[in-house]
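Report on the structure given below.
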Amino acid sequence: MTRLGILISGRGSNFQAIHQAIERGELAAEIACVISNVPDAAGLGYAQTYGLPAHALDSKGIKRADFDTRLIGILHDAKVDLVCLAGYMRLLSPHFIQAFAGRILNIHPSLLPAFPGLDAQSQAFAARVKTTGCTVHFVDEGLDTGPVIAQAQVPVLPADTVESLSARILQQEHLLYPRALAMAIAALPKS
Ligand code: GRF
């Protein structure tokens, strides 16, 4: 069974969607650990409710390289095969990316390469595009630049606000992440 390490910083709704897909038997994986760099992240409460191994590791005031070394230690101890970034709001050091080369996934709320970086939904809204969406991609050392695994389109409706658009994108994220994860798992070398 593929072991997932999930990194969050907040709400954790994508983490929940992954967990629920596993529970429904739609994703052959197990959550080996959940780590939040924000100690009071709501997603940690969900992990606790479902008895998933969770770690709160406050990144405040810790140098990125040192923090990432601690992250790598926890993920290795948990024998993680794939790392899933799910609203993890901290850049990863090259050291971390090399430690899990080709085995880190991220979800981003736009059709990459359009609108990388923060506030992707607001960027799309301001650009008045007719269609935006979400992307699951492998993580490389750039900002939201790694190879795309899967995307879902979401129309921007005339009556949309940034909030209504973000909510519709999020619904698609919850469907897309488990699906893209299943594709990434199927492509993993058999051990
Ligand atoms: C999502 O919109 C995701 O695309 C972005 O951060 C948000 C995280 O939401 N990377 P959640 O914590 O999974 O609810």
- Note on the structure: Note: among I35, I31, just one is touching a residue at least 40 places away in the same chain (Cβ under 8 Å), surrounded by 14 or more Cβ atoms within 10 Å (Cβ to Cβ) and within 16 Å of the ligand (Cβ to nearest atom), namely I35
- Item | Cβ-Cβ under 9 Å pairs, at least 6 apart or on other chains, the range 1-27 side open to solvent by 60 Å² or more (accessible area, probe 1.4 Å), far side in a loop (DSSP other than H, G, I, E, B) and not charged (D, E, K, R) | M1/A28; R3/A78; R3/V80; R11/A41; R11/G87; E23/Y50
- So is L176 within 12 Å of the ligand (Cβ to nearest atom) and at pLDDT 95 or above or not? yes
- Taking first residues from the range 137-156 that are in contact (Cβ under 8 Å) with a residue 40 or more places away in the chain and closer than 16 Å to A184 by Cβ and second residues anywhere that are part of a loop (DSSP other than H, G, I, E, B) and of a type in the set (D, E), the pairs with Cβ under 6 Å that are 6 or more apart or on different chains are G146/D140
- So which pairs qualify, if the first residue must be in the range 45-57 and more than 15 Å from A32 (Cα to Cα), the second must be surrounded by 14 or more Cβ atoms within 10 Å (Cβ to Cβ), the Cβ gap must be under 8 Å, and the two must be at least 6 apart or on different chains? L57/I35; L57/S36; L57/N37; L57/F67; L57/R70; L57/L71; L57/I74
- Message: So in the range 134-159, with the set limited to residues that are within 16 Å of the ligand (Cβ to nearest atom) and in contact with an Asp or Glu (Cβ under 9 Å, 6 or more places away or on another chain), which one is nearest to A101 (Cα to Cα)?
- Response: G146
- Item | the range 121-149 - residue that is surrounded by fewer than 17 Cβ atoms within 10 Å (Cβ to Cβ) and among the β-branched types (V, I, T) and, of those, modelled with the lowest pLDDT | T145
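Please go through the range 150-187 and pick out each residue that is assigned to a strand (DSSP E or B) and open to solvent by 30 Å² or more (accessible area, probe 1.4 Å). Even if it seems obvious, please write down each step before you answer.
Taking the range 150-187 as the starting set, the residues that turn out to be assigned to a strand (DSSP E or B) are 150-155.
Those that are assigned to a strand (DSSP E or B) and open to solvent by 30 Å² or more (accessible area, probe 1.4 Å): Q151, Q153, P155.
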- Item | Subset of the range 38-53 (residues that are away from the ligand (no atom under 13 Å from the Cβ) and either open to solvent by less than 10 Å² (accessible area, probe 1.4 Å) or not aromatic (F, W, Y) (or both)) | P39, D40, Q48, T49, G51, L52, P53
- Only residues that are under 14 Å from the mean Cα position of the chain (by Cα), crowded, with 21+ Cβ neighbours inside 10 Å and either among the charged types (D, E, K, R) or assigned to a helix (DSSP H, G or I) (or both): list them for the range 88-120, please. none
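The values are calculated or read from the model by the stated rules, or taken from the named source; none is laboratory data. This one's a predicted model, so the numbers in the text were calculated from it and none came from an experiment. Using ideal geometry, Cβ is built from the backbone for each residue, glycine included, and neighbour counts are taken over all protein chains shown. These area figures cover heavy atoms from the full protein model, side chains too; ligands, DNA and RNA do not enter into them. Shrake-Rupley method; radii C 1.70, N 1.55, O 1.52, S 1.80 Å.
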